[in-house]
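Each reported figure results from applying straightforward, stated rules to the coordinates on display, with no laboratory input. What you see is a predicted model, and the numbers here were worked out from it, not measured in a lab. All Cβ positions, even for glycine, are placed from backbone atoms using ideal geometry, and neighbour counts span all protein chains on display.
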Amino acid sequence: MIKAYLRSEDTIKAVTVELDHLDALDTSTLVWLDLLTPTHEESIAVERSLKLELPTRQESEEIEYSSRYWEDENGIWINTSFLVKEQDQINSETVSFILKEKYLATIRFSELRIFTEFSRKLRLTPRAFHNGAEVLSGILAMRVDIDADMIEHLSKEIVVIGRRNPQSFEQADQFLESITSYEDINITFRENLTDKHRVISSLLKSSMISENQKRELSMMMKDVNSLVTSANFNFERLDYLQNLFLNHLSMEQNKVIKIFTVMSVIFLPPTLIASIYGMNFRFLPELEWKLGYPVALGMIIVSAILPLYIFRKKGWL
């Protein structure tokens, strides 16, 4: 689907463009051309009519820096990733921007809420967006705000999970799995912010961006840097929670081992006494003794109680 946003005096209207009408599209009033999952025929038609070089999906997903941003005398090409939250997962979707002359072209391969919201903002405040560079800056600014909300939400979830007190080894496994999951999400945030940092940094160096827009991008860069700091703090907090929990788990295991050790020491003297008098030697001195059994039983009881008394007095139990 191809949607064009055309300026008419102080208004901007959105028009769905058919392939047959691409040649009639007035680029002098064009502010933004949005291509959603373009077909091969639509891509060829746009390239022919507007003389644009559109990246394929494979090209837009390449990770080399030269493939993420390049600029020449005809325009700027940007391939960057936008985060999408689906249920409990954070996925990355690639979006391509082409800034040429006075308009911006975007190519995306999935529905993104940010484009719907920005489309509404563009039509409600048309005086704030006079050309494609301002549209690009507006989309990036809105994206940074959404990323800030997502990182803030993640930080709150990390605080909540930090207050949990697992009561069993099964809950312990779930706790560690949650920490691992949050670390994966935070890594995705960190990589995405690094990508935006490089894009904004490159735009600040571009001669095609006005000084007024560069001031806005500079403020945006500060926001991205603060978000990077927040993401790094989330890593530190997760590492702290993991280390704290593993130390707690180790202490609980030590308590269990301590109990088994104490029980072994308690039963060791009675076992020794019972073993001595359980031997089948023919000439055992106390074998014919009438008080032999009660005395041996008493020795077993005393040898079991005495370690308990000593351990409790020393505070080991």
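Using only the Cα atoms of segment 143-284, what are the Rg and Dmax in Å?
When restricted to Cα atoms, segment 143-284 yields Rg and Dmax of 28.9, 110 Å.
Which of these values of Rg and Dmax of the Cα atoms in Å was calculated from the structure shown: [x] 17.4, 51; [y] 35.5, 121; [z] 19.9, 62?
Among [x] 17.4, 51; [y] 35.5, 121; [z] 19.9, 62, the one derived from this structure is [y].
Could you work out how far apart the two model spin labels at Met1 and Trp70 are, taking each label as a point 7 Å from the Cα in the direction of the beta carbon, and quote it in nm?
Label-label distance for Met1 and Trp70, simple model: 3.1 nm.
With labels modelled as points extended 7 Å from the Cα through the Cβ direction, what inter-label distance (nm, one decimal) is found for Ser92 paired with Thr16?
It works out to 3.3 nm between the two label points.
Among Lys85/Lys196; Lys121/Lys205; Lys13/Lys121; Lys258/Lys314; Lys255/Lys313, which pairs are too far apart, with a Cα-Cα distance over 20 Å?
Exceeds cut-off: Lys121/Lys205.
Please work out the Cα convex hull volume for segment 209-253 and give it in Å³ per residue.
Spread over its residues, the Cα hull of segment 209-253 gives 33 Å³ apiece.
Scan the chain and hand back the longest stretch that contains none of the chymotrypsin sites (Phe, Trp or Tyr not before Pro) lying in DSSP loops with at most 10 other Cβ atoms within 10 Å.
Segment 1-280 is the longest.
Between Val256 and Asn280, what FRET efficiency follows from the Cβ-Cβ distance if R0 is 25 Å, with the result rounded to 0.05?
0.10
Within segment 212-254, name every residue whose backbone N is under 18 Å away from a label modeled 7 Å from Cα of Ser181 along the Cβ vector.
Backbone N within reach: 235, 238-239, 241-242.
What spacing in nm lies between the two simple spin-label points modelled at Leu287 and Met208, each 7 Å away from Cα in the Cβ direction?
Each label point lies 7 Å from its Cα, and together they span 10.7 nm.
Taking the Cα centre of each part, how many Å lie between segment 242-260 and segment 6-49?
Cα centres, segment 242-260 to segment 6-49: 65 Å.
Using R₀ = 35 Å, calculate the FRET efficiency as 1/(1 + (r/R₀)^6) where r is the Cβ-Cβ separation of Met219 and Asp26; round to 0.05.
0.60
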